[in-house]
Each structure stands twice: as structure tokens, then as C-alpha cells.
Amino acid sequence: MKRVDKPGLRIGRFLLVILFFGGFFMGIDARAQSEPAAGIAIAVHGGAGTILRDQMTQETEQAYRDKMTEALRSGYEVLRQGGSSLDAVTAAIVILEDSPLFNAGHGAVLTSEGTVELDASIMDGSDRSAGAVAGLQHIRNPIRLARLVMEQSPHVIMAGNGAEQFAQELGMDLVPNEYFLTPRRREQLEQIQRQQQDSPTGSLLPPDEQKFGTVGAVALDRNGNLAAGTSTGGTANKRFGRIGDSPIIGAGTYADNETCAVSSTGHGEFFIRGVVAYDIAAMMRYGGLSLDEAANAVIQGRLTAMGGTGGVIAMDRQGNIAMPFNTPGMYRGYIDRDGDLSIQIFRDGE
Ligand code: ASP
């Protein structure tokens, strides 16, 4: 059969080809413009609170600096080898959970009943998938279980016995609750409960008399993916069953490649009500603020105005880092996109 090749058809085909390739190259251009700067970076925190130089021995300070350095280096190594920001965040948090220095995993604070109940969450900025666990009593590394909830279940948050049974089904070992208990935290609880008897005004000390000590990490990997994670024992002398902000996506943890990754620490009830982590992302997305402007506006502005205390570590897709807090100190550190490591504890940046 003879093909009919009318001039009109030829022009039509020509226009289609132009449209196709034009669209293709415009697409590449748009992607190129939104491509993040090549580079990797990681930041961690070990909690905000009344952390004062004159109340800390040099040895204690050094122990905190060493452990945060170890966590940062282990996460950074994952990134350097081309691993994902999720793996880097998990690796860094596991080290802090295993250390008795921080209020997460082994060495977490005690409930009013003298037990340990742990919360954690993790979020993948590439697709906003997330996993969280709350009220765990027998999981050595809650951040790992949060990750399993994200990757191996259709859910986002699982709590208590159900979460622990899920962990067992996936081959995770349970540990006795005593594994988490340390003499330091028992003494802290006794001290709080003694003070409470003297002045029974509430179940918590005033926030600025507490040292929180939750741990968290944010990271950017070679593929431009952001991730954030947070893990905690909550607040000392909390009622059993109380759940804080750390396992609440948008409050304690948030990550979204288009804006930022955030991990919070502080008086959780305020972080939940202020939707703090997401508020920072929203200010960037809808208000066009930079990471630094948004993080400061939320912590120094909105959270402070509500009466909330604490801070965040936050990172954007270019690897910029912000670490605002409104407490006397916050254990914090980073390895930035230039590979420079910094650890700070006190308000003066030291
Ligand atoms: N935000 C945590 C909570 O309220 C405590 C902390 O950050 O130390 O559970």
C-alpha cells in the first residue's frame, strides 16, 4: 500500500518532534536546576537542657564529646562509602542509644514507676516514608525497630506489646527492662521524687531544671536524599504510658527532600502542640525562608512564645545545618559538606 504523505501531515510530525525534544530538554534543565549540590553531611544531637560548664567535670565533658564524635564519624563513613542517609542516621543513633550518657536506649530516664519506656522515629526525605515506635520496654535499639516499622509494615507508628511482638516476628531479640537501667538514672528519679514530696505541684520538674538528653541525627547522602531520626526515654519521672514528641512525625522528626530534615529535643508536649519539626519545613516551603531563618523563627520565636524549651538540629538539601535551642545548652555536632567536624555543648558555641 502506498503511504499518503501529505505536506500537512509532514508539518504536523515535525511539530511533534520539536515538542517532544523541546519538552525533553526543558525537563532535563528543570531537574538540573533543582539538583542538590554534591556533598554529604551529618549532624547529631544528644539533648538540650540545663547543661552548664560549671556543673560538668572535664572528664564528663570529654566523654560526651568523644561519644558524639564516634556517632558522627560512623554515620559519615556510611555516607562517604555511598550509603544512604537513612543508614547513616541509624548508625549514628545506635551508638548514642548504646551509650549510658544519653537519654535513649541503655541509660534512658525512668518513669515514675522506675521503669524505662522508649520512643523513636525515623523518616526518609526521598518519599516521606516514616516509621515510629512508642512505649517500648524490651527493645535494645528502638531506632532499628522504627526503621522496620517503616520498611516492613504498612503502618507508621506502633506501640508497646504489639510493637515488641512485631520485632520478635522479624527476628529481633528482646532484652529485660533492667538492661536500660543505670544507677545515675535511679538517683535522678529518687531526687525528683523527693523534691516532689517537698513541693507536690506536678509530675515534672520545671522544664529548665531538667536535662533532657534525647538523641537524634539528620543526614544528606550523595543522592541528595535527606533523612532524620530521633530516639528517647522521654522525660524523667513521666507517668508510665506517656508518649512524647520523639515518635511523632512532624513534631520530633521530619524529613522531606524538598525542604529539610529535622530532629527535635526538649519538652515534648510543647513540640507536639507546636508541630515543631514540620513547622520549620512549612516555613521553608510556603514562606520561602532559608533553613536558618525557619529553624530560628520556630525555636526562638514560636516555641519560646508558647513557653516550650528545647532545640532542633536541621539540615537542608544543600547540606546547610542549623542547630538553634533556647535552653542553656544542647549537646550537638556535625560533619559538614566540607568534611569539617564540630562538637558544641554550651550556649557560647563551645
Ligand atoms: N523530647 C523528649 C520528650 O519529651 C525529651 C527530650 O528531648 O529529651 O519525650
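Here A322 fulfils each of the conditions (1) free of Cβ contacts under 8 Å to residues at least 60 places away in the same chain; (2) open to solvent by 10 Å² or more (accessible area, probe 1.4 Å) apart from (2). In segment 230-245, the residue that is surrounded by the most Cβ atoms within 10 Å (Cβ to Cβ) out of those that are charged (D, E, K, R) and within 11 Å of the ligand (Cβ to nearest atom) is D245.
Here's the yes/no breakdown for (1) open to solvent by less than 30 Å² (accessible area, probe 1.4 Å); (2) among the small types (G, A, S); (3) at pLDDT below 95; (4) in a helix (DSSP H, G or I):
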residue: D54; (1), (2), (3), (4): no, no, yes, yes
residue: K67; (1), (2), (3), (4): no, no, no, yes
residue: E70; (1), (2), (3), (4): no, no, no, yes
residue: S74; (1), (2), (3), (4): no, yes, no, yes
residue: G82; (1), (2), (3), (4): no, yes, no, no
residue: A88; (1), (2), (3), (4): yes, yes, no, yes
residue: A92; (1), (2), (3), (4): yes, yes, no, yes
residue: L96; (1), (2), (3), (4): yes, no, no, yes
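Here A227 does not qualify as more than 14 Å from the ligand (Cβ to nearest atom) and touching a Phe, Trp or Tyr at 6+ places or on another chain (Cβ under 9 Å). If a residue must be at pLDDT 95 or above and in a strand (DSSP E or B), how many such residues does segment 237-263 contain? Of the residues in that region, 8 qualify.
Among D119, D173, D127, which is within 23 Å of A261 (Cβ to Cβ) and assigned to a loop (DSSP other than H, G, I, E, B)? Outline the logic, then answer.
Values: D119 fails: assigned to a loop (DSSP other than H, G, I, E, B); D173 fails: within 23 Å of A261 (Cβ to Cβ).
Result: D127 is the single residue among D119, D173, D127 that is within 23 Å of A261 (Cβ to Cβ) and assigned to a loop (DSSP other than H, G, I, E, B).
Among the residues of segment 156-173, those identified as within 24 Å of the chain's Cα centre (by Cα) and in contact (Cβ under 8 Å) with a residue 24 or more places away in the chain are V156, I157, M158, A159, G160, A163, E164, A167, M172. Scanning segment 152-159 turns up one or more residues that are over 19 Å from V218 (Cβ atoms) and open to solvent by less than 40 Å² (accessible area, probe 1.4 Å).
Got a number for residues in segment 50-68 being under 17 Å from the mean Cα position of the chain (by Cα) and over 23 Å from D316 (Cβ atoms)? Of the residues in that region, 0 qualify. Filtering segment 246-267 to residues that are farther than 22 Å from T50 by Cβ and either open to solvent by 10 Å² or more (accessible area, probe 1.4 Å) or more than 14 Å from the ligand (Cβ to nearest atom) (or both) leaves I248, I249, Y254, A255, D256, N257, E258, T259, C260, A261. Here Q191 meets the list (1) in contact with a Ser or Thr (Cβ under 9 Å, 6 or more places away or on another chain); (2) in a helix (DSSP H, G or I); (3) modelled with pLDDT under 95 almost entirely, failing just condition (1).
The set of residues in segment 289-306 being more than 15 Å from the chain's Cα centre (by Cα) and open to solvent by less than 40 Å² (accessible area, probe 1.4 Å) consists of L291, A294, A297, V298, I299, G301, L303. Only one of the numbered conditions (1) part of a helix (DSSP H, G or I); (2) within 25 Å of L79 (Cβ to Cβ) is not met by A297, and that is (2). For the condition closer than 20 Å to D221 by Cα and either open to solvent by 30 Å² or more (accessible area, probe 1.4 Å) or touching a residue at least 40 places away in the same chain (Cβ under 8 Å) (or both), R337 qualifies. If you check V312 against the conditions, is it of a type in the set (V, I, T) and either surrounded by fewer than 24 Cβ atoms within 10 Å (Cβ to Cβ) or in contact (Cβ under 8 Å) with a residue 40 or more places away in the chain (or both)? The answer is yes for V312.
The values are calculated or read from the model by the stated rules, or taken from the named source; none is laboratory data. Predicted model only: the values in this text are computed from it and were never measured. Note that we place each Cβ from the backbone using ideal geometry, even for glycine, and neighbour counts take in every protein chain shown. Calculation scope for accessible area: heavy atoms of the full protein, side chains included, ligands and nucleic acids excluded. Shrake-Rupley method; radii C 1.70, N 1.55, O 1.52, S 1.80 Å.
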